[in-house]
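Let me begin by presenting the structure, written as structure tokens, before commenting on it.
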Amino acid sequence: MAAVVGDPRSTPALGRAGGFSDLLPGAAGRRRDLIEAFVGAFESWGYGLLGTPLVEPLDTVAAGIGAARQSQLFRFMDADGALLTLVGERTVSVARVVATQLQREQLPLRLCYAGPVLRNAPLLDGRRREAIQAGCELIGHAGLAADAECIALAAAALERGGVRGVQIDVGHADFIPGVLESAGLDADAQRIVLGALARRDLVAVEAALERTDVRDAERRLLLAFPTLRGGREILDTAAIGLGGDRPRGAIEQLMQLWELIEEHGVTQGVHLDLGAVRDWDYYTGPTFEVFSLDSGFPLGSGGRYDSLLERFGFPARATGFVLHVDRCNDVLTRRDGEPQPPAALRVAWSSGQRVVALSLAKRLRERGVAAVCDLDLTDPRATDAPAQACSDGVHWIARGARGQGSLDAAVDALTGPAG
Amino acid sequence: MKGLRIALPAGTLFDGACDLLRSAGVARIDAAVFDRSLRVEESGNALIKVRPADVPVYVEMGAADCGVVGKDVLWESARDCYELVDLRFGACRLVLAAPEGAALARGDWSGSLRVATKYPESARRFFAGMAVTVELIRLNGAVELAPAAGLADAVLDITATGQTLRANHLVEIAEAGSSTARLIANQAALKTRSDSVNTLAAALRRAADSVRGAEGAA
């Protein structure tokens, strides 16, 4: 049987690590555009771009994220025997930088980042092991205005990247744990229900609640929880008959947050989701997730994490979010198809006219038009190059019409009206 | 409820899943409509018939919004999906069974144990923390033959009626779990198509309850 050319089975050196992907021209360019659009939006809101390493000590990462996510890290040992990880997210790195190098800066601090994160997930599950995350952290402000700013900024960044029609679901990390507490569940039962919710197993939630004597109002809320979504009005509905300061406090905060989001003018596409299932050990206040009809995974997520920085010796309140650049790129591909690599304008040249051709290409690039200059002599009459440097001047094809004249005339014709 | 992509499991749960969708008024289908094509458009929804273990894969990756699948499949799957409703059909149990007359069948668990199973993840969880050394042997089918063939001391397998166990002279020693069919949903679909998904969940829950009620009365 003939070997297939390029088949990694026949040429081991051509193999690629599973879960990692190559992006070809076009797709890679659009991902770069997304990163630039997101970071551009962050910077235009005054968030300073931070560069953090791809590698962090295991101890640093372990101080920031839970055991479940630690088990999904690539770990290795360097020549000195230090245990290192490839970062699985970048908020911990930002927290480390703030606690060690920016601790004297005036608060609040606005920081952003963009870069790859890695996940040591099982090979065959079809998930990416490497992905680009772009995110913001707003550190040192306890108020809901900071949370509203993050939601508005996430929406603005996605808009700038051309990721339209997204849905942002805003929840509160204290609501469900608060309802469980005020329902009078003992610590064990609370742990069981929260564990089932974290696994997204609502059948187990129901079973666990059946075994307890939860008050009716709370039971009704907890069983209806996937439907606790909507506009501002669901907060009033949910508050009916609900006792306990914690869940009422969460609802009160969401009411205020909704008004702040309205002031940012981004309530279009924003929903309140009291049933949001998030990492309750990490988030301490309002949370949000970004969804699209064209993706089975969230495009972004964020929330308040007031207890992270104190683990790095810098007690400061903080809120932030992350956008998943590759998932956003997937959404654009689903909507618009694979992007075409940018076409460069070809400049051909006849004998002795190479210098003119190089000069034309240079001036086209200065005017923002990608240009390639032929490496070899061609017979201009035999090519379809839109620009040709010939002994009798420059020939061009622009907007379907042919022209001939000076270098300046050619540059103007090929780049459109000057200015 | 329109525009949902629903994954259905081929195999033992398939007829029950079709019956439930029909009685819930979700789709006027019976199992035979899938004879020609594994993808059927019905009442504005798309239904696909896939291998049971693939249902959570389709749902997690967002290729299907919802799916019907046995809890036993979810035990083995590391896929991240919402488990919305216990559909109450397709009941079966995961049991540890050993040959009649074996020491193990008399409750003697000493020493090490070779256990054949199609459910390695469930087996790992079941035996975790037990003071017994277990060697798991993963098989892909006909697990009940393993003890007689000398391959294993016991089996950890699914049983609905116990008939297969009895026919192979195996007796149940312990139960490791019980399973029924579940409605699962993609995390984003639950948020972006929440009205449709919640309507589907409510309709299937009502249908499952009334089937259960009718069985109770019979």
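Within segment B:12-27, is there a residue that is within 14 Å of chain A (Cβ to nearest Cβ) and without any contact (Cβ under 8 Å) to a residue 40 or more places away in the chain? If you could, list the steps in order and put the result at the bottom.
Step one: of segment B:12-27, the residues within 14 Å of chain A (Cβ to nearest Cβ) are none.
Within segment B:12-27, not a single residue is within 14 Å of chain A (Cβ to nearest Cβ) and without any contact (Cβ under 8 Å) to a residue 40 or more places away in the chain.
Taking segment A:194-248, which residues are open to solvent by less than 20 Å² (accessible area, probe 1.4 Å), away from chain B (no Cβ under 14 Å), free of Cβ contacts under 8 Å to residues at least 60 places away in the same chain and outside any helix (DSSP H, G or I)?
Within segment A:194-248, just A:VAL214 meets the criteria.
Could you look through segment B:56-68, keep only residues that are farther than 17 Å from B:LEU200 by Cα and not in a loop (DSSP other than H, G, I, E, B), and pick out the one that is most open to solvent (accessible area, probe 1.4 Å)?
Going through the qualifying residues, I end up with B:TYR58.
Would you confirm, using the coordinates I've provided, whether A:ASP125 is at pLDDT below 95 and open to solvent by 70 Å² or more (accessible area, probe 1.4 Å)? Can you show your working first?
Values: at pLDDT below 95: yes; open to solvent by 70 Å² or more (accessible area, probe 1.4 Å): no.
Here the answer is no, as A:ASP125 does not meet what is asked.
Out of the residues in segment B:49-85 that are of a type in the set (Gly, Ala, Ser) and facing chain A (nearest Cβ under 8 Å), state the one that is nearest to the chain's Cα centre (by Cα).
Pass one, segment B:49-85, residues of a type in the set (Gly, Ala, Ser): B:53, B:62-64, B:67, B:70, B:77-78.
Those still in the list that are facing chain A (nearest Cβ under 8 Å) too: B:62-63, B:78.
Values: B:GLY62: 20, B:ALA63: 20, B:ALA78: 14 Å.
Taking the candidates together, the pick is B:ALA78.
Just for segment A:260-284: of the residues that are surrounded by 21 or more Cβ atoms within 10 Å (Cβ to Cβ) and assigned to a loop (DSSP other than H, G, I, E, B), which one is farthest from the other protein chains (Cβ to nearest Cβ)?
A:TYR283
Yes or no, residue by residue, for (1) crowded, with 23+ Cβ neighbours inside 10 Å; (2) in contact with a Gly (Cβ under 7 Å, 6 or more places away or on another chain); (3) not acidic (Asp, Glu):
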| position | (1), (2), (3) |
| --- | --- |
| A:ASP80 | no, no, no |
| A:VAL98 | yes, no, yes |
| A:ARG110 | no, yes, yes |
| A:TYR113 | yes, yes, yes |
| A:LEU118 | no, yes, yes |
| A:ALA142 | no, no, yes |
| A:ALA156 | no, no, yes |
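State the number of residues belonging to segment B:122-146 that are farther than 21 Å from B:LEU74 by Cβ and either in contact with a strand residue (DSSP E or B) (Cβ under 9 Å, 6 or more places away or on another chain) or open to solvent by less than 60 Å² (accessible area, probe 1.4 Å) (or both).
Going through segment B:122-146, the residues farther than 21 Å from B:LEU74 by Cβ turn out to be B:129-135, B:137, B:142, B:144-146.
Applying the additional criterion that residues be either in contact with a strand residue (DSSP E or B) (Cβ under 9 Å, 6 or more places away or on another chain) or open to solvent by less than 60 Å² (accessible area, probe 1.4 Å) (or both) yields B:132-135, B:137, B:142, B:144-146.
So the count comes out to 9.
Sort out which residues of segment A:29-61 are assigned to a helix (DSSP H, G or I) and open to solvent by 40 Å² or more (accessible area, probe 1.4 Å), and write them in order of number. Talk me through it step by step, then tell me what you get.
Within segment A:29-61, the first condition is being assigned to a helix (DSSP H, G or I), and the residues that meet it are A:29-44, A:58-61.
Scanning segment A:29-61 gives A:ARG31, A:ARG32, A:ASP33, A:ILE35, A:GLU36, A:GLU43, A:SER44, A:ASP59.
Does segment A:110-133 hold any residues that are under 16 Å from the mean Cα position of the chain (by Cα), more than 17 Å from A:VAL61 (Cα to Cα) and not in a strand (DSSP E or B), and which are they?
The answer is A:ARG127, A:ARG128, A:ARG129.
How do the strands (runs of 3 or more DSSP E) wholly within segment B:100-218 filter down when requiring 2 or more residues that are in contact (Cβ under 8 Å) with a residue 40 or more places away in the chain: which remain?
On the way: elements: B:112-117, B:133-138, B:154-159, B:170-179, B:181-185.
In segment B:100-218, the matching strands (runs of 3 or more DSSP E) lie at B:112-117, B:154-159, B:170-179, B:181-185.
Anything in segment A:160-182 that is assigned to a loop (DSSP other than H, G, I, E, B) and closer than 30 Å to A:GLU36 by Cβ? List them, or say none. Working first, answer last.
Step one: list which residues in segment A:160-182 are assigned to a loop (DSSP other than H, G, I, E, B), which gives A:161-166, A:173-174.
Scanning segment A:160-182 gives A:GLY161, A:GLY162, A:VAL163, A:ARG164, A:GLY165, A:VAL166.
The values are calculated or read from the model by the stated rules, or taken from the named source; none is laboratory data. Just so it is clear, the model here is predicted, and its values are computed rather than measured. Because the Cβ atoms are built from the backbone with ideal geometry, glycine has one as well, and the counts that use them run over all protein chains shown. With ligands, DNA and RNA removed, areas are computed over all heavy atoms of the protein, side chains included. Shrake-Rupley method; radii C 1.70, N 1.55, O 1.52, S 1.80 Å.
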